[in-house]
Amino acid sequence: MFTTSVTEEGFDIPHCNMVISFDRPQSLKSFIQIKGRAREAGSKYVIIVNSLEFEVMSRDKELYQATIERTQQLAIESLAKRVGNEQSGVPRK
């Protein structure tokens, strides 16, 4: 399938196994949404950019990865706290 950035949000394409983007994502949200279109197991996400954009993307990727990891950690901590409170009878706010 070939498409434009229109499919970044709101489209469920369950059998998509490859996404090729000709523009670098402008934000973490855009990166996650575009990458998320390739849902089949073993799917690929390819971004075709020039060398300058490649350098920018390399820095962005490190920042995005750190942000994703921290967000996942916060979610785990929040869930653990919520489960602990419910098991001890502490009411939720």
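Between LEU52 and SER30, full extension at 0.36 nm per residue minus the direct alpha carbon distance yields a gain of 6.0 nm. Shown for the chain: lysine pairs separated by 8 or more places, or found on different chains, whose C-alpha atoms are under 14 Å apart, numbering 4.
Every helix of 4 or more DSSP H residues in the chain counts as -39500 (n - 2.57), and over all residues that averages to -17500 deg cm²/dmol at 222 nm.
The angle between the Cα long axis of helix 51-88 and the longest principal axis of the Cα atoms of the chain comes to about 20 degrees, rounded to the nearest 10.
On full extension, the segment bounded by ASP12 and SER78 gains 20.9 nm, given 0.36 nm per residue less the C-alpha separation.
Selection among ALA66, ASN85, VAL56 by position relative to the dipole of the chain gives ASN85 as farthest towards the positive end (Cβ unit charges, Cα centre). In this structure, the amide hydrogen of TYR45, modeled 1.01 Å from its nitrogen in the peptide plane, lies closer than 5 angstrom to those of VAL19, counting only residues at least 5 positions away or on a different chain.
Which whole-number value in Å² is the accessible area per residue of the chain, probe 1.4 Å?
80 Å²
What translational diffusion coefficient, to the nearest whole µm²/s, does the stretch 20-93 have by Stokes-Einstein, given a Kirkwood radius computed over alpha-carbon pairs, a temperature of 20 °C and 1.002 mPa s viscosity? Mind showing how you got there, number by number?
Values: Rh = 15.0 Å.
My calculation gives 143 µm²/s for D.
Using a 1.4 Å probe on the protein heavy atoms, what percent of the accessible area of the chain belongs to carbon and sulfur? Before the final figure, lay out the partial values.
Numbers: 4220 of 7460 Å².
Its accessible area is 57 percent carbon and sulfur atoms.
Expressed in nm to one decimal, what extension gain is obtained for the pair PHE22 and ARG70 from 0.36 nm per residue of sequence separation less their Cα-Cα distance?
Values: separation 48, 0.36 × 48 = 17.28 nm, distance 2.84 nm.
Result for the pair: 14.4 nm of gain on full extension.
Entry note, the chain: relative contact order of 25 percent, from Cα contacts under 8 Å with a spacing of 6+ residues. The charge dipole of the chain, taken about its Cα centre with unit charges on the Cβ of Lys, Arg, Asp and Glu (plus for the first two, minus for the last two), comes to roughly 360 debye.
The values are calculated or read from the model by the stated rules, or taken from the named source; none is laboratory data. Source: prediction; values computed, not measured. Glycine gets a Cβ as well: all are built from the backbone with ideal geometry, and neighbour counts include every protein chain shown. Surface areas here come from the heavy atoms of the whole protein model, side chains and all, with no ligands, DNA or RNA. Shrake-Rupley method; radii C 1.70, N 1.55, O 1.52, S 1.80 Å.
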